[in-house]
């Protein structure tokens, strides 16, 4: 067994998904020495670049929220500023009641501010139900409430089933009637606390956004795929002197004295002044159990949803697609796919890679919906083709197909998730030189994951300063030599 010694300011980051890489990048900017350990054979986690029929595509997440600064900021700082791209079209549809219908404008995660422009998506009764909102007594939300439960009480179940559910399902692959409003849609939660009328609250959110002059794109992508972001971040980490070891599973994490950590991985023992745990909840629980059993127990309780992405390439001449970037599918309509993206329409660079090829992506799988994911890849392709034929009239045979499965890929945020995260962080913060980050804590989107990494590094700042003070006095130092 080999051993790696550490000097003050050595931080081990466990996990090389976008959160772990963002943490490593920030730590290096602050002068720390960084080692990143990743069990898989590649970096990037759920961000995965690929290709189909010679066209570069994303086989994982394909866009970043641009009205938060973290993801776009990281892309710029790792050399991808010139590759940032806005969608060529953001016009999307809802496949409901047997037709593709325009996605209503002016909503917050599917919750409308008015009842206008909802005919067709909702029944006449559903539209009338929204208009009752201003006459209803206040619905208390308490410390938290399920999005679907609250919205249904204010605006009726149709709004949840045909608007909120497909939008939330696209982000969390979850059930709107279980997902926490406080954690998943904090703007809406704040509005629900401040207003008796939900539609008034939504209109206030929209007015504030307009007053803040939030112009510009809501989302951005990267030419060649968002999957390039972790690759560029890893390259930047290495260029700054950081070490990234893939195929290196961490099997042990133990405290060593009052101000240090011992990390066992891949036949090596690394000593660190601080550790950032940036892996999904089950792996994090296993690592934290010896030193932070209460945090591990909370992480054990986090549930995950699995999903699959089906990427299809068609000859353009035979693939007439409807206008727009794609469509969402309400589960209430009994379809199998939950969304389709016309990638060649949405991203100009995809269409330009090969003008004769059209790329379409579908997604299947929701929380606790395991039957469909039991099908083999060929069946998932046929299921997607069936739904694309029914929704968009796309009857051509694809030139190629790829199925990417994300087993236990998306953490679920049930009611009370914010309190669970607070308890985890309190338990972890009690151990000097330890922090956690990733999709399980503050949001599953790329900017949220990066923000959680930034918060983890900020938390460690004081711990690292304390370590430097200790190591300035050799009698007290636990990390003064060349290691074991």
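The values are calculated or read from the model by the stated rules, or taken from the named source; none is laboratory data. None of the values given here were measured: they were computed from a predicted structure. Cβ coordinates were reconstructed from backbone atoms using ideal geometry, including for glycine residues, and neighbour counts include every protein chain displayed.
Pairing each residue of the range 435-454 that is assigned by TED's automatic domain parsing to the domain that holds residue 184 and within 18 Å of residue 282 (Cα to Cα) with any residue that is at pLDDT below 95 and assigned to a loop (DSSP other than H, G, I, E, B), provided the two are 6+ apart or on different chains, yields no C-beta distance under 6 Å. The set of residues in the range 370-392 that are in a loop (DSSP other than H, G, I, E, B) and surrounded by 12 or more Cβ atoms within 10 Å (Cβ to Cβ) contains only 375. In the range 1-102, counting only strands (runs of 3 or more DSSP E) that sit wholly within it, none holds 2 or more residues that are surrounded by fewer than 18 Cβ atoms within 10 Å (Cβ to Cβ) and touching a helix residue (DSSP H, G or I) at 6+ places or on another chain (Cβ under 8 Å).
From the list 326, 320, 351, which residue is at pLDDT 95 or above and over 30 Å from residue 27 (Cα atoms)?
Details: 320 fails: at pLDDT 95 or above; 351 fails: at pLDDT 95 or above.
After ruling out the rest, the residue left standing is 326.
The residue that is nearest to the chain's Cα centre (by Cα), counting only those in the range 272-324 that are in a helix (DSSP H, G or I) and within 27 Å of residue 400 (Cβ to Cβ), is 316.
Among the residues of the range 432-451, those that are in contact with a strand residue (DSSP E or B) (Cβ under 8 Å, 6 or more places away or on another chain), surrounded by 24 or more Cβ atoms within 10 Å (Cβ to Cβ) and assigned to a helix (DSSP H, G or I) comprise 439, 440, 446. One residue stands out in the range 233-276 among those that are surrounded by fewer than 21 Cβ atoms within 10 Å (Cβ to Cβ) and out of contact with any strand residue (DSSP E or B) (no Cβ under 9 Å at 6 or more places or on another chain): the one that is modelled with the lowest pLDDT, namely 258. Scanning the range 339-353 for residues that are surrounded by fewer than 24 Cβ atoms within 10 Å (Cβ to Cβ), in contact (Cβ under 8 Å) with a residue 40 or more places away in the chain and not in a strand (DSSP E or B) yields 345, 348, 349, 351, 353.
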